[in-house]
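K.L.:
Handing you this structure, nothing more for now.
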Amino acid sequence: MKKELTSIPYSVLDLATVIEGKTPADTFKNSLDLAQHAENWGYYRYWLAEHHNMISVASSATSVVIGHIAGGTKTIRVGSGGIMLPNHSPLVIAEQFGTLESLYPGRIDLGLGRAPGTDQVTAMAIRGERMNAANSFPQDVLKLQAYFSAENSNSSVRAIPGEGLAIPIWILGSSTDSARLAAALGLPYAFASHFAPAQFMAAIQIYRQNFKPSEHLKEPYVLACVNVVAADTDAEANKIVTSLYQLFRGIVTGKRMLLQPPVDNMDEIWTEYEEEQAGQMLACTFTGNKATIANDLQQFLDQTQVNEIMATSHIFDHQARLKSYKLLSEVFKGI
C-alpha cells in the first residue's frame, strides 16, 4: 500500500542558525517565533541540536533552548536532535530532561548522538579525561534508561527529577553504527540525511532488519531529516537556497561563516570541487515551489518508506523561512 505524505507526521529541526549581521539573541527570538508558527501549522516536533565552537550555530546549551521553546508553545513536542551523550554524564542529562518533562509533561523528546558535535580540540575541552567516552555510548544509553525507570528508586544514585518519567529516547545516526544500536534496544531511529546521506539507505535497512521490539516500541520507526527550501516559484527557491550552499561550502573548506545572504550565481563563489563535495552532503535537499516539493518529497517517501519527515531550512530572511515552512505544511496537508 502506497504511503502518502498526508499520512505521516512532519517536524522541524532548528539548528539555531546565526545569520550575518545578527546575534544569537536574534536567533533565539526567531526560533521561538518559528516554533509558535510551526505549532499552528500542524508540525509534530521541534528539535534542536547540540553543536559547539561553530559561529553559525547557537544551540550549544541545548537543554536551555529546549526549555525556552517549550515554554513559549503549548502542544508541539520539543526535544533534542540531538544531545551528544559522550559530552555529558548520563545522570546530568537525566536530571535536565527530567526537569524539562516535569515542566512540560508529555511534550519532551530526548534524541541521543555519539559524535562530539564539534572539532576534536573543542571535544577535548568539553570531555577532558573522558575523551574516549564515545566508546561507552551504548552503556551510557542504558544508564540513562535506568535513571528514568521507576525501578531505580532503590539505587544509591537517582535522577530527581527524571525517575519514573516516560521520556521517549531516540537514537540519532549519520552512519550504520547507530542503526544497530537503535535496533538492538528497540528505540526509534532518526537519521541525519540533511548532511550525511551517503549511508542513509543502508542504515535504515540494517535498522529495520535487526529491530527487536521493546517496551518502548513494537515496530521500527524511522525519522529522516532533510533540507527544505520552499517558495512561491522554483526560481525564487533556487536563489534562497544559495545561503545553504554557502554554509556547506564553509564546511568543505573549513572556513565557517555566519549564514550569508542569497546570491544570484554560486559559480562565482565556489569551485567545482567545493560544489561536488557540498552536493554529496546535500543530496537530500528539496528546493522549489509547492508542487515541486510535493512531487520530490513523495518520491523520497516512496523510496525510503520513512515514518516521519523532519525539515531543516537554512534561510537568511526570517520571513522567507516562515514562508517555506508554511508552504511545506500545506504539502503535508495536501492543500
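K.L.:
Using only Cα atoms and rounding to the nearest 10 degrees, what angle (0 to 90) does helix 290-304 make with the longest principal axis of the chain?
P.N.:
40
K.L.:
So the label point goes 7 Å from the Cα of residue 234 along Cα→C-beta, right? Which residues of segment 290-304 then have their backbone N under 16 Å from it?
P.N.:
Label zone hits: 290-299.
K.L.:
Name the residues of segment 284-309 whose amide N is less than 11 Å from a point 7 angstrom out from the Cα of residue 333 along the C-beta direction?
P.N.:
Label zone hits: none.
K.L.:
What is the ratio of the Cα radius of gyration of segment 148-249 to 2.2 N^0.38 Å, where N is its residue count, to two decimals?
P.N.:
1.48
K.L.:
Tell me what the chain gives for mean residue ellipticity at 222 nm when only DSSP H runs of n ≥ 4 count, each as -39,500 (n - 2.57), the sum divided by the residue total, rounded to 500 deg cm²/dmol. Don't skip to the answer; put the middle values down first.
P.N.:
Numbers: 12 runs with 141 residues, N = 335.
So the helix-based figure for the chain works out to -13000 deg cm²/dmol.
K.L.:
How many angstrom separate the Cα center of segment 53-105 from the Cα center of segment 180-248?
P.N.:
Spelled out, the Cα-based centre of one part sits 20 Å from the other.
K.L.:
Return the long-range amide H neighbours of residue 78 (sequence gap of 5 or more, or a different chain), with a cut-off of under 5 Å between placed amide H atoms.
P.N.:
46, 108, 109
K.L.:
Around residue 287, which amide H atoms from residues at least 5 apart in sequence, or from another chain, sit under 5 Å from its own amide H, with H modelled in the peptide plane?
P.N.:
Sorted by chain and number, the residues that satisfy this are 229.
K.L.:
Apply the Karplus parameterisation 6.51 cos²θ - 1.76 cosθ + 1.60, with θ equal to phi minus 60°, to every residue of segment 199-204 and state each ³J(HN,Hα) to the nearest whole Hz, in sequence, with x for glycine and proline.
P.N.:
Each residue's phi maps through the Karplus curve to give 9, 4, 5, 5, 5, 6 Hz.
K.L.:
Could you check what % of the DSSP bridge pairs in the chain are antiparallel, to the nearest 5?
P.N.:
The antiparallel proportion sits near 5 percent.
K.L.:
Still on this model: Can you list, bin by bin at 10 Å, the percent of alpha carbon pairs in segment 239-335, starting at 0?
P.N.:
Pairs per bin, as whole percents: 14, 43, 32, 10, 0.
K.L.:
Report the relative contact order of the chain, percent, no decimals, based on alpha-carbon pairs under 8 angstrom and at least 6 residues apart. If you can, show how the numbers build up before the last one.
P.N.:
Values: 667 pairs, mean separation 66.7, N = 335.
It rounds to 20 percent for the chain.
K.L.:
Measure nothing but the geometry: give the 0 to 90° angle between the long axis through the Cα atoms of 318-333 and the longest principal axis through the Cα atoms of the chain, rounded to 10°.
P.N.:
Computed tilt is about 80 degrees.
K.L.:
Right, something else. Note the angle between two axes, namely the Cα long axis of helix 137-148 and the longest principal axis of the Cα atoms of the chain, as a number of degrees from 0 to 90, rounded to the nearest 10.
P.N.:
60
K.L.:
Report relative contact order for segment 90-150 in percent, whole number only (criteria: Cα-Cα under 8 Å, sequence separation at least 6).
P.N.:
Values: 25 pairs, mean separation 30.7, N = 61.
It comes to 50 percent, rounded to a whole number.
K.L.:
Continuing with this model, one more query. Averaging sequence separations of C-alpha pairs under 8 Å and six or more residues apart, then dividing by the length of segment 214-300, give the relative contact order as a whole percent. Display every interim value, and only then the final one.
P.N.:
Details: 85 pairs, mean separation 35.5, N = 87.
So the answer I get is 41 percent.
K.L.:
Could you give me D for segment 52-211, from Stokes-Einstein at 20 °C and 1.002 mPa s, where the hydrodynamic radius is the Kirkwood radius over C-alpha pairs? Units µm² s⁻¹, please. Don't jump to the answer; show the numbers that get you there.
P.N.:
Numbers: Rh = 16.4 Å.
Answer, rounded: 131 µm²/s.
K.L.:
Further question: Please state, as a whole number in µm²/s, the translational diffusion coefficient that the Stokes-Einstein equation yields for segment 222-271 at 10 °C and 1.306 mPa s, with Rh defined as the Kirkwood radius across alpha carbon pairs. Walk me through the numbers on the way to the answer.
P.N.:
Working: Rh = 12.0 Å.
Roughly 133 µm²/s, to the nearest whole number.
K.L.:
Hand me the trypsin sites (Lys or Arg not before Pro) from segment 186-273 located in a DSSP loop with no more than 16 other Cβ atoms within 10 Å, in residue order please. Let's see the in-between values first.
P.N.:
Details: sites: 208, 218, 239, 249, 255, 256; in loops: 218, 255, 256.
The qualifying sites are 218, 255, 256.
K.L.:
Only one of the listed values, [x] 51, 45, 38; [y] 63, 49, 37; [z] 90, 41, 31, was derived from the coordinates as Cα extents along the principal axes in Å; which label is it?
P.N.:
From the options [x] 51, 45, 38; [y] 63, 49, 37; [z] 90, 41, 31, the structure gives [y].
K.L.:
Would you mind working out the accessible area per residue for the chain, using a 1.4 Å probe, and quoting it in Å²?
P.N.:
Each residue of the chain exposes 44 Å² on average to a 1.4 Å probe.
The values are calculated or read from the model by the stated rules, or taken from the named source; none is laboratory data. Note that the structure is a prediction, hence the values are computed from the model and not measured. Using ideal geometry, Cβ is built from the backbone for each residue, glycine included, and neighbour counts are taken over all protein chains shown. Protein only, heavy atoms only, side chains kept; ligands, DNA and RNA dropped before computing areas. Shrake-Rupley method; radii C 1.70, N 1.55, O 1.52, S 1.80 Å.
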